[in-house]
Amino acid sequence: MILTPIPEAQLGAVLDRFAGKLTDPTARQVFALICATGPDRATGSTAERHRRAALDWARRCGVPVHPPGTECAFNWDGVALDGTTESYVILHEIAHFVLAPPERRGLVDFGLGPGPDTRARDAAMRAAIVPLVEREADEAAASLLGILWEAELGQPALASFLDQNWLEGLERSAASHFTAVVRRLMQHGFLTLTRPSGTLSRIAGEGRGLRRRRGKGEGTARRS
């Protein structure tokens, strides 16, 4: 949910202001890729096509998906993904999977506590093992990686960028936070860029799990 909604007429100016605060060339390049997509969620047959593309992405990343008709109380139940949710949710959960160390992949919601779509919230809370500060950092990394996968697949990554509150704190630390997460994903092999075209040459589904040496993120969490 967007914490501070941005009127459509002001969106372009707000995005330009954020871009102007990005001093790192790679962060600017990544942000441009996100901005090249649409700000509105897909609907109807387009949304279904996007969902199927996300499920194919899960298979490419080696992430199990429950078969159609499975009753799922979690987006990730420690065994497989709920494949009936929206594309952007599926991609976000795939990002959690590739970022998580093996011992957390067997936990409900990756041991992060319940997400906004979790039905069995008490069970997810009991399975949570990640401290709050590390949880926020994990969420930031998964959020941006999922958004970049949306861009890679030609889906409305900008809609997720807005919905997951990357512009919150625009006049404070939003740009530096974004830059730090971009650098972290590149450092750990989850993101490479083709220069000078600025296209995503590889957004890895098989990188090393991010080590727990992060500071507190700001405003980018799907889980509550």
request  = Report, ordered by the first and then the second residue, all pairs with beta carbons closer than 7 Å, sequence separation of six or more or different chains, a first member in segment 1-22 that is farther than 12 Å from Phe161 by Cβ, and a second member that is surrounded by 14 or more Cβ atoms within 10 Å (Cβ to Cβ) and of a type in the set (S, T, N, Q).
outcome  = Leu3/Asn165; Leu22/Thr179
request  = Write out, first by first residue and then by second, each pair whose Cβ atoms fall under 9 Å of each other, whose residues are 6+ apart or on separate chains, and whose first residue, in segment 136-150, is more than 16 Å from Gln29 (Cβ to Cβ) while the second is among the acidic types (Asp, Glu) and buried (at least 24 other Cβ atoms within 10 Å of the Cβ).
outcome  = Ala142/Glu93; Gly146/Glu93
remark   = Note on Glu48: of the conditions (1) free of Cβ contacts under 8 Å to residues at least 12 places away in the same chain; (2) more than 25 Å from Ile34 (Cβ to Cβ), unmet is (2)
remark   = Filtering segment 107-127 down to residues that are modelled with pLDDT under 95, among the hydrophobic types (A, V, I, L, M, F, W, C) and in a loop (DSSP other than H, G, I, E, B) yields Ala120
message = Residues that are modelled with pLDDT of 95 or more and not in a helix (DSSP H, G or I): does segment 178-198 have at least one?
response = no
message = Looking at the structure I just gave you, is Val65 under 26 Å from His188 (Cβ atoms), of a type outside the set (Lys, Arg) and crowded, with 20+ Cβ neighbours inside 10 Å?
response = no
inquiry  = One residue is enough: does segment 89-109 have a residue meeting the conditions surrounded by fewer than 17 Cβ atoms within 10 Å (Cβ to Cβ), farther than 24 Å from Leu185 by Cβ and without any contact (Cβ under 8 Å) to a residue 24 or more places away in the chain?
reply    = no
key: Residue list for segment 6-49, restricted to those being of a type in the set (Ser, Thr, Tyr), loosely packed, with under 13 Cβ neighbours inside 10 Å and over 19 Å from Leu144 (Cβ atoms)   = Thr43, Ser45
inquiry  = I need the full set of residues from segment 67-99 which are among the small types (Gly, Ala, Ser) and in contact with an Asp or Glu (Cβ under 8 Å, 6 or more places away or on another chain), in order please.
reply    = Ser87
key: Residues being closer than 14 Å to Pro114 by Cβ and either within 16 Å of the chain's Cα centre (by Cα) or not small (Gly, Ala, Ser) (or both) - total across segment 65-89   = 7
task = Considering only residues that are small (Gly, Ala, Ser) and more than 12 Å from Glu86 (Cβ to Cβ), look in segment 54-64 and name the one that is nearest to the chain's Cα centre (by Cα).
result = Ala58
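The values are calculated or read from the model by the stated rules, or taken from the named source; none is laboratory data. The structure presented is a predicted model; accordingly, all values stated were derived computationally and were not measured. Reconstructed Cβ throughout: ideal geometry from the backbone, glycine too, with neighbour counts over all protein chains shown.
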